[in-house]
Amino acid sequence: MSATEAREPPMRLTATGWTLVALAAAVALLVVASLSGLIAKGHPLDTLFVDPFRQMVDAPDLLVQTIWEGLVSGVLYALIALGFVLIFKASGVFNFAQGIMVVFAALTLVGLHEMGVPALLALVLAVGVMFVLAVGVERFVLRPLVNQPDIILFMATFGITYVLIGLGELVFGGNPKQMIDEQLFLPKGAIELKMLGGFVSLQKIDIAAAVIAAAMIAALAFFFQHTRIGRALRAVADSHKAALSVGISLNQIWVIVWFTAGVVALVTGIMWGARSDVSFALSTIALKALPVLILGGFTSVPGAIVGGLIIGVGEKIGEFYWGPLVGGGIESWLAYFIALAFLLFRPQGLFGEKIIERI
Amino acid sequence: MRAPGGDTRLAPGDVLLSVEGVSLSFGGVKAITDVSFDIRKGEIRAIIGPNGAGKTSMLNVINGFYHPQQGRITFKGATRQKMRPSVAAAQGIARTFQNVALFKGMSTLDNIMAGRTLKMRSPFFWQLFRHGPALTEEIAHRKVVEEIIDFLEIQAIRKTPVGKLPYGLQKRVELGRALAMQPDLLLLDEPMAGMNLEEKEDMSRFILDVNNQYGTTIALIEHDMGVVMDLSDRVVVLEYGRKIADGAPDEVKRNKQVIDAYLGVPH
């Protein structure tokens, strides 16, 4: 009972540490070299490593605008990743269908409205549909496949994906639709902020998205931390058999988790749909959640949020300042590149638990 | 703390659980073959046997993890053949595991609170806001949990994530979580495995105290024969999935078949 707190080992530089030191030294060298005029403007090293930062300092308003845009898409990535994390934690399933759930939820909402259902009622009904979906998944997919290897459950979520695509097209048609943002009282237009010698323009819908996402995440965190069901959810995430032994019903927890992920998907779908339109093409964006998960760790909710923001901002800054050097269009793969670099240094993610295998 | 097991119909000494003719197999492997025994209210019942004798499978059958192909189990007078673990837990069966199964990311307190899951009844709506009935309920349960923490002398690790605790303490937390369910029947799967002498003595004391103070019926699997003989009122011995002896520790110790099972038969 005496030493319950493990003492931290003394600081020592690991291989990763040395790599970071080397990187820092290289950056310092570059800065010195460019300031002292050793590397002239136009020199390839300057174009690649120094000039983009010069641009950032020269036009701070553009930098702020870029970061803001990055944060906004980051919030949406974070929301999709959050859906993944919830399901992964509670049922150990990597839910490939999360992206399609976003589209399906948004499509249900818009489709119902097209059929003449008032917007707010359609919203309630869409939540109801996500609940039915959660019950269906639990009853017809998870329950029969319980205790099967993870890969089989993973494959099953591919099945769910195609069922949802088919169902969505059958009921609501496959053509892209307009999000009913006005009917849902979502703001339109932009706010122009005068700052740093220029203008930064913030879309009101983006501000709304950030506020709603923050509120939802806070509510979820509170729910997980302080309620009986939240405690049961965390318990199931840690150990299925121990959870069963204290009388937690896995089936009930799975329904709750898939329903929660469904609601998160609906909110994501509304926000994303309001910025572009509602179509199945949206689901490919959901794949961006993968690098977010690698960054944040598959089991960490704060990780999903921070990871989403890092990917969002990193992507936009990369595209804006470094994209032109290679002819642009790096936004689509930069996220995966960042994730790959991350895997080399911190495979467990920012907030994931360090993986220690006992052998 | 209220005495665990609010079941007043059974007097000490009555049969709390009876296992009749249970057989369990996995494909072609027979884990348990036609085993019958009973557990009386208030006793400490040991299940022993060499490795692979089917002891853990037996516990898994009792708490609903495994469903036997044949046989019946009667608990508190109700007979069943198949039961889900959450239902078994709701009826008053708690257990610990051979290789500690805790919620590693959660604190000691939260782990033991999780044992109160089934006792919490406040409506979902109030829980969402942690207000009104939900708050009152949480406080009441917290009180019970704090008493268990005192009882097991783990006050100092209340807020520590259990994954960081040494093995002996993890076993104690696991016992705490099972106690929080205030069970009628407590199943302990090798509660002292991997412990040093001092930890074993502590654990033995806790098991006896639980049994004496709260009258909780306990069924335990244990390999340390000294511990088994000291703690238990009656012992059932399994070998290769069959029951080979059943009785008081002293009887069992002298049983020819049991000695052969443990020491081997000369050829």
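Quick check, is B:Q155 of a type outside the set (S, T, Y), closer than 21 Å to B:I93 by Cα and in contact with a helix residue (DSSP H, G or I) (Cβ under 7 Å, 6 or more places away or on another chain)?
Numbers: of a type outside the set (S, T, Y): yes; closer than 21 Å to B:I93 by Cα: no; in contact with a helix residue (DSSP H, G or I) (Cβ under 7 Å, 6 or more places away or on another chain): yes.
No.
Can we say A:V278 is among the aliphatic types (A, V, I, L, M) and either under 29 Å from A:G168 (Cα atoms) or touching an Asp or Glu at 6+ places or on another chain (Cβ under 6 Å) (or both)? Break it down into steps so the answer makes sense when it comes.
Working: among the aliphatic types (A, V, I, L, M): yes; either under 29 Å from A:G168 (Cα atoms) or touching an Asp or Glu at 6+ places or on another chain (Cβ under 6 Å) (or both): yes.
Answer is yes for this residue.
Taking the stated definitions as given, is B:R80 closer than 28 Å to B:L263 by Cβ, of a type in the set (D, E, K, R) and either away from chain A (no Cβ under 14 Å) or free of Cβ contacts under 8 Å to residues at least 40 places away in the same chain (or both)?
Numbers: closer than 28 Å to B:L263 by Cβ: no; of a type in the set (D, E, K, R): yes; either away from chain A (no Cβ under 14 Å) or free of Cβ contacts under 8 Å to residues at least 40 places away in the same chain (or both): yes.
So B:R80 does not fit the description; no.
Considering only the stretch A:275-350, give the helices (runs of 4 or more DSSP H) lying wholly within it that have at least 1 residues that are of a type in the set (A, V, I, L, M, F, W, C), at pLDDT 80 or above and surrounded by 15 or more Cβ atoms within 10 Å (Cβ to Cβ).
Working: elements: A:282-285, A:289-296, A:301-317, A:331-345.
Per the criteria, A:289-296, A:301-317, A:331-345.
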Search result, residues across the stretch A:175-227 that are of a type in the set (F, W, Y), within 30 Å of B:T117 (Cβ to Cβ) and touching a residue at least 24 places away in the same chain (Cβ under 8 Å): A:F224
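Tell me which residues, restricted to the stretch A:249-264, are hydrophobic (A, V, I, L, M, F, W, C) and within 9 Å of chain B (Cβ to nearest Cβ).
Looking only at the stretch A:249-264, we keep the residues that are hydrophobic (A, V, I, L, M, F, W, C), and these are A:250, A:253-259, A:261, A:263-264.
Result: A:L250, single match.
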Strands (runs of 3 or more DSSP E) wholly inside the stretch B:1-118 that include at least 1 residues being surrounded by 17 or more Cβ atoms within 10 Å (Cβ to Cβ): B:15-26, B:29-40, B:44-48, B:70-75, B:93-95
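Could you pull out the residue among B:E190, B:E147, B:E201 that is on the phi > 0 side of the Ramachandran plot, charged (D, E, K, R) and modelled with pLDDT of 90 or more? Write out each step before concluding.
Numbers: B:E147 fails: on the phi > 0 side of the Ramachandran plot; B:E201 fails: on the phi > 0 side of the Ramachandran plot.
Unique residue meeting the criteria: B:E190.
Would you mind stating whether B:D260 is in the same structural domain as B:L187 (by TED's automatic domain parsing), farther than 13 Å from B:P50 by Cα and either of a type in the set (D, E) or touching a residue at least 40 places away in the same chain (Cβ under 8 Å) (or both)? First the steps, then the outcome.
Details: in the same structural domain as B:L187 (by TED's automatic domain parsing): yes; farther than 13 Å from B:P50 by Cα: no; either of a type in the set (D, E) or touching a residue at least 40 places away in the same chain (Cβ under 8 Å) (or both): yes.
Judged against the criteria, B:D260 is not a match.
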Residue match in the stretch A:29-39 (condition: surrounded by 10 or more Cβ atoms within 10 Å (Cβ to Cβ), part of a loop (DSSP other than H, G, I, E, B), of a type outside the set (S, T, Y) and modelled with pLDDT under 80): yes
Filtered residues of the stretch A:258-274 (kept if surrounded by 24 or more Cβ atoms within 10 Å (Cβ to Cβ) and under 28 Å from A:R143 (Cα atoms)): A:W258, A:A261, A:G262, A:V264, A:A265, A:T268, A:G269
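So, restricting to helices (runs of 4 or more DSSP H) that lie completely within the stretch A:41-137, which ones have at least 1 residues that are of a type outside the set (D, E) and at pLDDT 90 or above? Give the steps one after another, and end with the answer.
Values: elements: A:51-58, A:60-91, A:98-114, A:119-137.
Where helices (runs of 4 or more DSSP H) fall fully within the stretch A:41-137 and carry at least 1 residues being of a type outside the set (D, E) and at pLDDT 90 or above, they are A:60-91, A:98-114, A:119-137.
Rundown of residues vs (1) within 7 Å of chain A (Cβ to nearest Cβ); (2) at pLDDT 85 or above; (3) touching a Ser or Thr at 6+ places or on another chain (Cβ under 7 Å), yes/no style:
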| position | (1), (2), (3) |
| --- | --- |
| B:P85 | yes, yes, yes |
| B:A90 | yes, yes, no |
| B:D110 | yes, yes, no |
| B:P123 | no, no, no |
Entirely in the stretch A:198-248, the helices (runs of 4 or more DSSP H) that have 3 or more residues that are of a type outside the set (F, W, Y) and within 7 Å of chain B (Cβ to nearest Cβ): A:228-238, A:240-245
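The values are calculated or read from the model by the stated rules, or taken from the named source; none is laboratory data. All figures in this text were calculated on a predicted structure; none of them were measured in a lab. Ideal geometry is used to build each Cβ from the backbone, glycine not excepted, and the neighbour counts take in all protein chains shown.
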